[in-house]
Amino acid sequence: VLAFIKAGVGLLRVWALLLFLGKSVLVLPGITILGLYYLALLIPIPAALGSHDVLQAFAFDSFGLSAPAGAAFAFVIRALEVIFALAGIILFVQFGVSVTKGMLLNKLKKLLS
């Protein structure tokens, strides 16, 4: 069920970005673009080295959309992922500091008691 929710949210994200880029929101191009996005994530190249951009430009060009719109789509997706990753890192560090501080205070109380 969670995999279907993830795929559905990904498809909605693709359609929303296509809409913001001024492109048509069709079912088949959205599914194909999402599939090529997932394919680019599977390529074991550090930082994907442009493979995501090339696949998206190819997909957009295949559906009669402009190739530069595909590159813009890839950059927007990457920017969103960086924002969510940074938010996760910030939350993780805050949680880690609070847990570590609590553990140190407990041990300090035991030593002083």
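Could you tell me whether any residue of segment 81-98 is in a helix (DSSP H, G or I) and modelled with pLDDT under 85? Scanning segment 81-98, I find at least one residue that is in a helix (DSSP H, G or I) and modelled with pLDDT under 85, so the answer is yes. Of the residues making up segment 24-58, just one is at pLDDT 75 or above and in a loop (DSSP other than H, G, I, E, B), namely L26.
Note on segment 1-23: residues that are loosely packed, with under 10 Cβ neighbours inside 10 Å and aromatic (F, W, Y) amount to 1. Of the candidates F84, F75, the single residue that is closer than 20 Å to A7 by Cβ and either out of contact with any strand residue (DSSP E or B) (no Cβ under 6 Å at 6 or more places or on another chain) or of a type in the set (F, W, Y) (or both) is F84. Of A72, A87, A79, all but one fail to be touching a residue at least 24 places away in the same chain (Cβ under 8 Å), among the aliphatic types (A, V, I, L, M) and either closer than 30 Å to A16 by Cα or open to solvent by less than 90 Å² (accessible area, probe 1.4 Å) (or both); the exception is A72. Apart from one condition, W15 fits all of (1) modelled with pLDDT under 85; (2) in contact with a helix residue (DSSP H, G or I) (Cβ under 8 Å, 6 or more places away or on another chain); the exception is (1).
Among the residues that make up segment 35-55, is at least one of them farther than 23 Å from A3 by Cβ, among the acidic types (D, E) and open to solvent by less than 90 Å² (accessible area, probe 1.4 Å)? I'd like the intermediate steps shown before the answer.
Of the residues in segment 35-55, the ones farther than 23 Å from A3 by Cβ are 45-47, 49-51, 53-54.
This time we only want the ones that are among the acidic types (D, E), so: 53.
Narrowing the set further to residues that are open to solvent by less than 90 Å² (accessible area, probe 1.4 Å) leaves 53.
For segment 35-55, residues farther than 23 Å from A3 by Cβ, among the acidic types (D, E) and open to solvent by less than 90 Å² (accessible area, probe 1.4 Å): present.
The values are calculated or read from the model by the stated rules, or taken from the named source; none is laboratory data. Please read these numbers as outputs of a predicted model, since none were measured by experiment. No Cβ is skipped: glycine too gets one built from the backbone with ideal geometry, and neighbour counts run over all protein chains shown. Just the protein is used for accessible areas: all its heavy atoms, side chains included, with ligands, DNA and RNA removed. Shrake-Rupley method; radii C 1.70, N 1.55, O 1.52, S 1.80 Å.
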